[in-house]
Amino acid sequence: MRVDILTLFPEMFTGPMTESMLWKARDRHLLDLRLHQIRDYTVDKHRIVDDTPYGGGGGMIMKADVLLRAVEALLSDAPPETPVILTTPQGRLFSHEIAVSLAQRERFIIVCGRYEGIDDRLRELVITDEISIGDYVLTGGELPAMIMVDAVVRHIPGVLGAEGAAERDSHADGVLEGPHYTRPHALRGLTVPQILVEGHHAQIEAWRREQGLRRTWRNRPDLLLKAALSTDDRYLLAKFAEEDARARRDAADSAP
Ligand code: ADE
């Protein structure tokens, strides 16, 4: 897979892109990640990439002509329909589903937004998708671009050690992963759940599912609306609801 990133700050990518999994993916030629300095696509003496907004209002806007030249240069040898993604807090929310669908692409381009935004004509001319990583505003689209690439690359076959590991991730089926433990067996009076030590595979699987469902119920109940749930899962959720109701009744009974 080839990913082209257009940015004013290519050095920001050095650490994340040269460590750990992303480095492994690049080393194994599974990921061809190319960083491009937007400023290299200016044609004026001062290499200006931004300008004041028409109508006033403060802030600086990334210039359409420079970005257009940059994107079109990359598209000139790209397959038809190559996605051109703008990172922006106004985009659709990044998700597991978007990561999986991008992982199937041969190539995509990310434009890292900066300043107050980009000249809006770029949305009509070259941007095919706008993605936000969350409902908060960062100083630029570089960190979102790194997060997206990391989440996408995990789904390229051969990148993760254990085949299929990405399918077991939290979010893969809308239910979060349960707890994990390793040695030592006892730590400050807390021991590893006995069921994991005894090692009956089917019981362990059932226990993990229950713990994952419990975590989802507690931390992210919104996910359960679109999760793939079995009859057993639904039975467990009804049990959690009953436990919560009982706890609320007990709290109300003991209130003064
Ligand atoms: N640029 C600034 N904030 C952002 C966000 N939340 N997501 C994507 N790009 C951004």
Just name the residue that is farthest from the ligand (Cβ to nearest atom) out of those in segment 75-107 that are of a type in the set (Val, Ile, Thr) and within 13 Å of Arg2 (Cα to Cα).
Thr82
If I filter segment 139-146 for residues that are open to solvent by 80 Å² or more (accessible area, probe 1.4 Å), within 16 Å of the ligand (Cβ to nearest atom) and not assigned by TED's automatic domain parsing to the domain that holds Arg234, do I get at least one hit?
yes
Ile131 surrounded by 11 or more Cβ atoms within 10 Å (Cβ to Cβ), touching a Ser or Thr at 6+ places or on another chain (Cβ under 7 Å) and not in a loop (DSSP other than H, G, I, E, B):
yes
Of the conditions (1) among the hydrophobic types (A, V, I, L, M, F, W, C); (2) closer than 17 Å to Pro89 by Cα; (3) outside any loop (DSSP other than H, G, I, E, B); (4) more than 15 Å from the chain's Cα centre (by Cα), Met148 clears all except one; give me its number.
(4)
Report, ordered by the first and then the second residue, all pairs with beta carbons closer than 6 Å, sequence separation of six or more or different chains, a first member in segment 109-124 that is within 15 Å of Ile85 (Cβ to Cβ), and a second member that is aliphatic (A, V, I, L, M) and within 11 Å of the ligand (Cβ to nearest atom).
Ile110/Ile85; Ile110/Ala145; Val111/Leu86; Cys112/Ala145; Gly113/Leu86
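Would you check if Asp244 is over 26 Å from Ala103 (Cβ atoms) and within 32 Å of the chain's Cα centre (by Cα)?
On the way: over 26 Å from Ala103 (Cβ atoms): yes; within 32 Å of the chain's Cα centre (by Cα): yes.
Criteria met by Asp244.
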Mind checking whether some residue in segment 42-56 is under 18 Å from Arg154 (Cβ atoms) and free of Cβ contacts under 8 Å to residues at least 40 places away in the same chain?
no
Against the definition (open to solvent by 60 Å² or more (accessible area, probe 1.4 Å), basic (Lys, Arg), assigned by TED's automatic domain parsing to the domain that holds Asp135 and within 22 Å of Met146 (Cβ to Cβ)), how does Arg47 come out, yes or no?
no
Scanning segment 198-229 residue by residue, those over 16 Å from Ser170 (Cα atoms) and surrounded by fewer than 10 Cβ atoms within 10 Å (Cβ to Cβ) turn out to be Glu198, Gly199, His201, Ala202
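The values are calculated or read from the model by the stated rules, or taken from the named source; none is laboratory data. For clarity, every value in this text was computed on a predicted model and none was experimentally measured. So basically every Cβ, Gly included, is an ideal-geometry build from the backbone, and we count neighbours across all protein chains shown. Note: areas computed on protein heavy atoms with side chains; ligands, DNA, RNA excluded. Shrake-Rupley method; radii C 1.70, N 1.55, O 1.52, S 1.80 Å.
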